[in-house]
Amino acid sequence: MEEFIHQLLHFNFWSFGKFFILVGLGVYLVFSFVVVRQVKLMTQVVSGILTNSLRVVAWLLFLFSIIVFIFTLLFF
Amino acid sequence: MSELYSAKSATRTEKAEPAEKPNKKRDFLPDHQGCSLSSLWVLPSKAVRFETQEPEEEILMILRAHWVTNILWFLLATILFFAPFLLRFFPLLDSFPVRFQLMFVVVWYMVLAMYVFERFLSWFFNLTLITDERIIDVDFLNLTTKKVSDADIDKIQDVSFTNAGAVGAIFNYGDVLVQTAAEIVEFIFEKVPNPAGVANVLQRLRTEEKIEAIEGRVR
């Protein structure tokens, strides 16, 4: 009980904020992966128009979101 | 009547062994050539292909919504791009620790980048292909849903077009409505440039198909 009260009194609001940021970045990560898959599928439907450029942009967004997620998890 | 019968029987025999289609110069195609980012791309390079394309099938036109239709989201994205700079004048985030302020800016630009990319993809992949045999409508409804439908040119029953609104009249874009006897009875090419020209091309291709059917050059 005492420990619980101690935790309540010393509750760090900002760690709560970090949790929500990580959840948001996780959703973004999943979303950017969906974009990668979708770009792949769409460039298969119609190929030869900016195929490589679009795939590169989609992968860059995905990789960037991974980097930001890991950075936030470890150093934020 | 006998002519009609002979034409039909010729069609049947040709269907068994497809005839070589002569390389035609289609003078009814618009002069404007375009490129991969154009709303109207006439006779794209041979490198451009679609999933269900037959070996002899030739893409005549690729259509997308007119570039003007992108201006609204582009302006919005530009405003959102500069929005974090306003924080210098309106210190809304000053009560947050510096790391949270930094994270806010990073997340802001990540979301903005995704918004811009998604809107671009939505415009880029919502396209219509007109080949010498078919019309193919590719709809990129959202990031998880796509719809591809096609109809043979000879199944087209009616082609009409509209130039709606002041902007449409100024930039000459509008909707082309194609009614067919195929499974998908109605195709709408939304906000495409030069709708009258597109409707004309479809009508001419339809006539071309009819002539080919009479001459027995149906694939």
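Since every read-out is calculated from the coordinates, none of them should be taken as a lab result. The structure presented is a predicted model; accordingly, all values stated were derived computationally and were not measured. Here Cβ is always computed from backbone atoms with ideal geometry, including for glycine, and neighbour counts include all displayed protein chains.
Only helical DSSP H runs with n ≥ 4 go in: add -39500 (n - 2.57) per run for chain B, normalise by residue count and round the 222 nm mean residue ellipticity to 500 deg cm²/dmol. Walk me through the numbers before you get to the answer.
Values: 5 runs with 83 residues, N = 219.
Computed ellipticity for chain B at 222 nm equals -12500 deg cm²/dmol.
Report the chymotrypsin sites (Phe, Trp or Tyr not before Pro) located in region A:1-63 that are in a DSSP loop and have at most 15 other Cβ atoms inside 10 Å of their Cβ, or state none.
Details: sites: A:4, A:11, A:13, A:14, A:16, A:19, A:20, A:28, A:31, A:33, A:59, A:62; in loops: A:11.
When the chymotrypsin sites (Phe, Trp or Tyr not before Pro) of region A:1-63 are filtered for loop state and at most 15 Cβ neighbours within 10 Å, A:11 remain.
List the trypsin sites (Lys or Arg not before Pro) within region A:11-76 that fall in a DSSP loop (any state other than H, G, I, E or B) and whose Cβ has at most 11 other Cβ atoms within 10 Å. Display every interim value, and only then the final one.
On the way: sites: A:18, A:37, A:40, A:55; in loops: none.
Here no loop site has a sparse enough neighbourhood.
Angle check, please: helix B:98-125 long axis (alpha carbons) against the longest principal axis of chain B (alpha carbons), in degrees 0 to 90, nearest 10.
Rounded to the nearest ten degrees, it is 10.
Once the Cβ-Cβ distance between residue B:28 and residue B:58 is put in as r, and R0 is 22 Å, what FRET efficiency do you end up with, to the nearest 0.05? Provide the component values of the computation, followed by the final result.
Numbers: r = 15 Å, r/R0 = 0.67.
Efficiency, rounded to the nearest 0.05: 0.90.
Going by how many other Cβ atoms sit within 10 Å of their own, how do B:137, B:175 line up, fewest first? Working shown, then result.
Working: B:137 20, B:175 17.
Lowest count first: B:175, B:137.
Would you compute, from DSSP H runs of 4+ residues alone, the mean residue ellipticity of chain A at 222 nm, taking -39500 (n - 2.57) per run and dividing by the full residue count, rounded to the nearest 500?
Calculated at 222 nm, the ellipticity per residue is -30500 deg cm²/dmol.
Based on the alpha carbons, how large is the Rg to Rh ratio for region B:71-120 when Rh follows Kirkwood?
Numbers: Rg = 12.3 Å, Rh = 11.8 Å.
With Rh from the inverse mean 1/r over Cα pairs, Rg/Rh is 1.04.
Region B:120-199: which GluC sites (Glu not before Pro) are DSSP loop and have at most 13 other beta-carbon atoms within 10 angstrom? Don't skip to the end; give the middle numbers.
On the way: sites: B:133, B:183, B:186, B:190; in loops: B:133, B:183.
Here the GluC sites (Glu not before Pro) that fit, given the DSSP loop and packing criteria, are B:183.
Quick one: check the C-alpha center-to-center distance for region A:18-76 versus region B:93-115, whole angstrom.
Cα centroid to Cα centroid, the span is 18 Å.
Please build a GNM for chain B, connecting alpha carbons under 10 Å apart, and tell me which residue among B:194, B:142, B:126 fluctuates the most.
Looking only at B:194, B:142, B:126, the largest GNM fluctuation is found for B:142.
Could you tell me how many degrees, from 0 to 90 and to the nearest 10, lie between the Cα long axis of helix B:2-16 and the main elongation axis, the longest principal axis, of the Cα atoms of chain B?
Roughly 60 degrees, rounded to the nearest 10.
Would you mind telling me which residue in B:28, B:81, B:161 has the biggest mean-square fluctuation in a Gaussian network model of chain B, where springs connect alpha carbons within a distance under 10 angstrom?
Largest GNM mean-square fluctuation: B:81.
Quick check: net charge around residue A:49, other residues with Cβ under 15 Å of its Cβ, Lys/Arg +1 and Asp/Glu -1? Intermediate values should be presented prior to the final figure.
On the way: positive: A:40, A:55, B:46, B:49, B:64; negative: B:51.
So the environment of residue A:49 carries a net charge of +4.
In a Gaussian network model over chain B where Cα atoms closer than 10 Å are linked, find which of B:140, B:82, B:117 has the largest mean-square fluctuation.
Top of the fluctuation ranking is B:82.
Considering the convex hull of the alpha carbon atoms of the protein assembly as shown, report its projected area averaged over all viewing directions, in nm², one decimal. Mind showing how you got there, number by number?
Working: hull surface 91.2 nm².
Averaged projected area of the protein assembly as shown's Cα convex hull equals 22.8 nm².
Once you have all Cα-Cα distances for region A:30-76, histogram them in 10 Å bins from zero and send the whole-percent values.
The calculated distribution, bin by bin, is 28, 42, 21, 9, 1.
Let's see if you can work this out: charge +1 on each Lys and Arg Cβ, -1 on each Asp and Glu Cβ, no other charges. What is the dipole magnitude of the protein assembly as shown about its Cα centre, in debye to the nearest 20? Display every interim value, and only then the final one.
Working: 27 positive and 31 negative charges, 158 e Å.
Charge dipole, the protein assembly as shown, about its Cα centre: 760 debye, nearest 20.
Between helix B:195-215 and chain B, what is the angle of the helix's C-alpha long axis to the longest principal axis, kept within 0 to 90° and rounded to the nearest 10?
30 degrees
By counting other Cβ atoms within 10 Å of each Cβ, how are A:47, B:39 ranked from fewest to most? Walk me through the intermediate numbers first.
Values: A:47 14, B:39 23.
Final ranking by Cβ density, sparse to dense: A:47, B:39.
Under 5 Å between amide H atoms, partner at least 5 residues away or on a different chain: which partners does residue B:133 have, H built in plane at 1.01 Å?
B:58
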